[in-house]
Amino acid sequence: MPPSSRPPGTLLLASVPGTRGLGLASAVGPVIALLAVTFVLPAALALVGRKVFWPFVPRPGDTLDHEGVWAKVARTVVARPAAHLVGGLVLLAVPASALLGARVGLSRADSFRTAPRVGRRPRHGR
């Protein structure tokens, strides 16, 4: 399994301390975000109330303007959601396809700081 496809928690088993710390952050970060969205955000919205929607604070009984640009976009998407989903995926796949042949990182030969001594006799007295 290539390193980029391993779960973030496996970085906790790395021997390099910096990488191990990155694994901890990438494993705990989404959990903290989930807890914040589940518990903190609703409480904050309840405290702030409708003021969070400033300058367009909705009131009970208000009619919404359904003639803007985004209302037209929403009607178009709702009319044919599957077609828009496929179109969006195609639009994302086109630039992502450029990464299919991309090589990330160093080759094995370039990863050594000095020339490897494999297959060479050690130099004595030179």
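The values are calculated or read from the model by the stated rules, or taken from the named source; none is laboratory data. This structure is a prediction, so every number in the text was calculated from the model and none was measured. All Cβ positions, even for glycine, are placed from backbone atoms using ideal geometry, and neighbour counts span all protein chains on display. In case anyone asks, the SASA skips ligands and DNA or RNA and just uses the protein heavy atoms, side chains included. Shrake-Rupley method; radii C 1.70, N 1.55, O 1.52, S 1.80 Å.
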Complete set of residues in the stretch 15-53 that are at pLDDT below 90 and of a type in the set (Phe, Trp, Tyr): Phe53
When residues of the stretch 26-44 are limited to those that are small (Gly, Ala, Ser) and more than 14 Å from the chain's Cα centre (by Cα), the one surrounded by the fewest Cβ atoms within 10 Å (Cβ to Cβ): Ala43
Criterion (assigned to a helix (DSSP H, G or I) and open to solvent by 100 Å² or more (accessible area, probe 1.4 Å)) met by exactly one of Arg59, Arg75: Arg75
Selection within the stretch 62-72 - outside any loop (DSSP other than H, G, I, E, B) and surrounded by fewer than 10 Cβ atoms within 10 Å (Cβ to Cβ): Val69, Trp70
